[in-house]
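Colleague: Pasting a structure here, questions to come.
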Amino acid sequence: MSDTAAVYQFSAAQAWQDPQWRSDATFGVDSTGHITAPAGSSPAYLDGWVLPGMPNLHSHAFQRAMAGLAERRGPGDDSFWTWRETMYGFAERIDPDTLQAIAAQLYVEMLKAGYTHVCEFHYLHHQPDGTPYAQPEAMSLALIEAAREAGIALTLLPVLYMSGGFDGRPLSSRQRRFGNDVDGYLQLLANLRKHESHDVRVGVALHSLRAIPEHAWRGVVEHEALKNGPVHIHIAEQIGEVQDCLATRGARPVEWLLDHAPVDYRWCLVHATHLTEKETTQLARSGAVAGLCPTTEANLGDGLFPLARYLQEGGRIGIGSDSHISISPIEELRWLEYGQRLSTRHRNVAARKAGDSVGETLWREALKGGAQVADLPIGALDVGKRADFIVLDKESPLLAARNERSVMDSFLFAGNLSPVRHVMAGGKWVMRDFQHRDEARIAARYRMTVTRLAGA
Ligand code: ZN
């Protein structure tokens, strides 16, 4: 059998093949886990609504274990910056084994929720005092191993993190384990690229404008090793960051980035919350993706992205679960729309013209944007793409009496019991009948790990 001969044949009652649902769609899956043209007879019947799994374009895996632990009021005004101190204290306790146990649990939860891919924005590189591990990429390898255990596709984005503020100050004692100079970072990338496969891609992440000194900026973005593949960056998440950027660089963060970096379709601007109308238009026209994380942005009190104007200008979006206080593409997309409704006092904001479905618009746009900055062939049930799909339970009461026009809106906007029943990722069934293939073992190890962390 050749490497690309079909090993599965499927016939789906209804499959989402953009821009619409198709009845009795047939397709094959080859031994590399990619979709092929249908061939042969007797396909397995997928009795439900089949749609591409969602890419998750922004994750800090270790933060899964501190979800819910920063919700008690402190002595002063709580903000993103006080949350960050809690997070730094937690990060000090994470080592490669701990990270693998947390990330594997997180990735199982992602798959069960309908995410079949994750971009891991990874900055815990070294030991807590900044000393490299004996194997310098040990923490990155823990994430690759966790993704393999869970069966999720991974775009690993090691983060370049050089300074502690816009003024170029050195990293604080709690930030030392994040730091690399440019040469060390390029070596890390080179080492990790040896681990690329059908399931793992390695890209570039720049932590934020404040973490890379202005004098280093051009050398970084123009470096030969960074000219291919995705580039992700945190930007304009907080008003304080906008003010600091204006004070030190004389421009707002997104304005500065668009003026100083070759921002195009390869770039993912994570959050991009605080934009002027001009920045919104320019970002939309750049071809880059806005990486929106609505539940985290709500949890941290960031603000609201100007979605309506950005989409009207043709802007591209994707979603991420970021700090993992929620792990659900339903909830990210629902709150993306609800934030707009609350602030504009209008309904159906994401839909562009009369008759458009909000659910279809959001799922479609997040698939496309997520796939664009994942640098893997994902996000569609087309020949050559990874066989990453979810099957919605046709028995779910939430979807009873729904049809092609209404099912996606009910999936995203009705109830709280996820109807995601089966999940295939990379041509393998990772979840059947709501049960992940290895969830009991991975959850048991996770419980032991966080119990040990709590006592540390
Ligand atoms: Zn982030």
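The values are calculated or read from the model by the stated rules, or taken from the named source; none is laboratory data. Small disclaimer: the values here were computed from a predicted structure and weren't measured. Using ideal geometry, Cβ is built from the backbone for each residue, glycine included, and neighbour counts are taken over all protein chains shown. Calculation scope for accessible area: heavy atoms of the full protein, side chains included, ligands and nucleic acids excluded. Shrake-Rupley method; radii C 1.70, N 1.55, O 1.52, S 1.80 Å.
Colleague: How would you rank 12-20, 100-108, highest first, on the average number of other Cβ atoms within 10 Å across their residues?
Modeller: Going from most to least packed, we get 100-108, 12-20.
Colleague: For LYS227, give me every one of the lysines with a C-alpha distance below 20 angstrom, ignoring sequence neighbours fewer than eight places off in its own chain.
Modeller: Within the straight-line cut-off, LYS227 pairs with LYS194.
Colleague: If you split all Cα-Cα distances of the range 1-69 into 5 Å bins from zero, what percentages do you get per bin, shortest first?
Modeller: 4, 15, 18, 17, 13, 9, 8, 9, 5, 2, 0
Colleague: Order of 308-314, 261-267, 68-74 by packing, highest average Cβ count within 10 Å first? Each step should come with its number before you reach the end.
Modeller: Values: 308-314: 15.7, 261-267: 17.4, 68-74: 11.0.
Ranked by mean Cβ neighbours within 10 Å, highest first: 261-267, 308-314, 68-74.
Colleague: Relative contact order of the range 355-456, please, whole-number percent, based on alpha carbon pairs below 8 angstrom and at least 6 residues apart.
Modeller: It rounds to 22 percent for the range 355-456.
Colleague: In sequence order, what are the phi-derived ³J(HN,Hα) couplings for the range 313-319 according to the Karplus relation 6.51 cos²θ - 1.76 cosθ + 1.60 with θ = phi - 60°, rounded to whole Hz, with x for glycine and proline?
Modeller: Running phi through 6.51 cos²θ - 1.76 cosθ + 1.60 with θ = phi - 60° gives 8, x, x, 9, 10, x, 10 Hz.
Colleague: What do you get for GluC sites (Glu not before Pro) in the range 179-288 restricted to DSSP loop and a cutoff of at most 11 other Cβ within 10 Å of the site's Cβ? Write down the numbers at each step before the final one.
Modeller: Values: sites: GLU196, GLU214, GLU222, GLU224, GLU237, GLU241, GLU255, GLU277, GLU279; in loops: GLU196, GLU222, GLU237.
Hits after loop and neighbour filter: GLU222.
Colleague: Expressed as a whole percentage, what fraction of the accessible surface of the chain belongs to carbon and sulfur atoms when a 1.4 Å probe is rolled over the protein heavy atoms?
Modeller: Numbers: 8990 of 18310 Å².
Answer for the chain is 49 percent, counting heavy atoms of protein chains only.
Colleague: How fast does the range 388-428 diffuse by Stokes-Einstein, in µm²/s, taking the Kirkwood radius from C-alpha pairs at 20 °C and 1.002 mPa s?
Modeller: Values: Rh = 10.9 Å.
Rounded to a whole number, D works out at 197 µm²/s.
Colleague: Give the lysines reachable from LYS112 as a straight Cα distance under 22 Å; neighbours fewer than 8 places away on the same chain don't count.
Modeller: Filter leaves LYS368, LYS385, LYS394, LYS428.
Colleague: Moving on. Ignoring ligands, DNA and RNA, what accessible area per residue does the chain give at 1.4 Å, in Å²? Present the calculation step by step, with values, prior to reporting the outcome.
Modeller: Numbers: 18310 Å² over 456 residues.
With all protein chains present, the chain gives 40 Å² per residue.
Colleague: Further question on the same structure: Could you tell me the relative contact order of the range 341-406? Use alpha-carbon pairs under 8 Å, at least six residues apart, and round to a whole percent.
Modeller: On the way: 32 pairs, mean separation 9.6, N = 66.
With pairs under 8 Å counted, the relative contact order is 15 percent.
Colleague: In debye, nearest 20: dipole of the range 61-176 around its Cα centre with unit charges on the Cβ of K, R (+) and D, E (-)? Walk me through the numbers before you get to the answer.
Modeller: On the way: 10 positive and 14 negative charges, 30 e Å.
With only Lys, Arg, Asp and Glu charged at Cβ, the dipole is about 140 debye.
Colleague: Another question, then. Report the trypsin sites (Lys or Arg not before Pro) located in the range 405-456 that are in a DSSP loop and have at most 13 other Cβ atoms inside 10 Å of their Cβ, or state none. Walk me through the intermediate numbers first.
Modeller: Numbers: sites: ARG405, ARG421, LYS428, ARG432, ARG437, ARG441, ARG445, ARG447, ARG452; in loops: ARG405, ARG437.
Taking the range 405-456 and a limit of 13 other Cβ atoms within 10 Å, the loop trypsin sites (Lys or Arg not before Pro) found are ARG405.
Colleague: Quote the charge dipole size of the chain about the Cα centre in Debye, to the nearest 20; the model charges only the Cβ of Lys and Arg (+1) and of Asp and Glu (-1). Write down the numbers at each step before the final one.
Modeller: Working: 46 positive and 54 negative charges, 99 e Å.
Its charge dipole is roughly 480 debye.
Colleague: Near the amide H of ARG316, under 5 Å away, which other amide H atoms are found, from residues 5 or more places off or on another chain, if H is placed in the peptide plane?
Modeller: Sorted by chain and number, the residues that satisfy this are ALA290.
Colleague: Indicate the gyration tensor shape class of the chain (rounded, prolate or oblate), computed on the Cα atoms with a ≥ b ≥ c the square roots of the eigenvalues: a/c under 1.5 is rounded; otherwise a/b larger than b/c is prolate and the rest oblate.
Modeller: prolate
Colleague: Restricting to DSSP loop positions (anything but H, G, I, E, B) with no more than 13 other Cβ atoms inside 10 Å of their own Cβ, which GluC sites (Glu not before Pro) remain in the range 314-399? Could the numbers behind the result be given before it?
Modeller: Numbers: sites: GLU331, GLU332, GLU337, GLU360, GLU365, GLU395; in loops: GLU395.
For GluC sites (Glu not before Pro) across the range 314-399 that sit outside H, G, I, E and B with at most 13 neighbouring Cβ atoms in 10 Å, the list reads GLU395.
Colleague: Please report how far the C-alpha centroid of the range 130-174 lies from that of the range 79-115, rounded to the nearest whole angstrom.
Modeller: The range 130-174 and the range 79-115 have Cα centres separated by 12 Å.
Colleague: Still on this structure, please answer the following. Go ahead and collect, in residue order, the members of the range 332-373 whose backbone nitrogen is under 16 Å from a label point 7 Å along the Cα-Cβ direction of ASP18.
Modeller: Zone members listed by number: 351-352, 357-373.
Colleague: What whole number of Å gives the distance from the Cα centroid of the range 243-321 to the Cα centroid of the range 362-415?
Modeller: 25 Å
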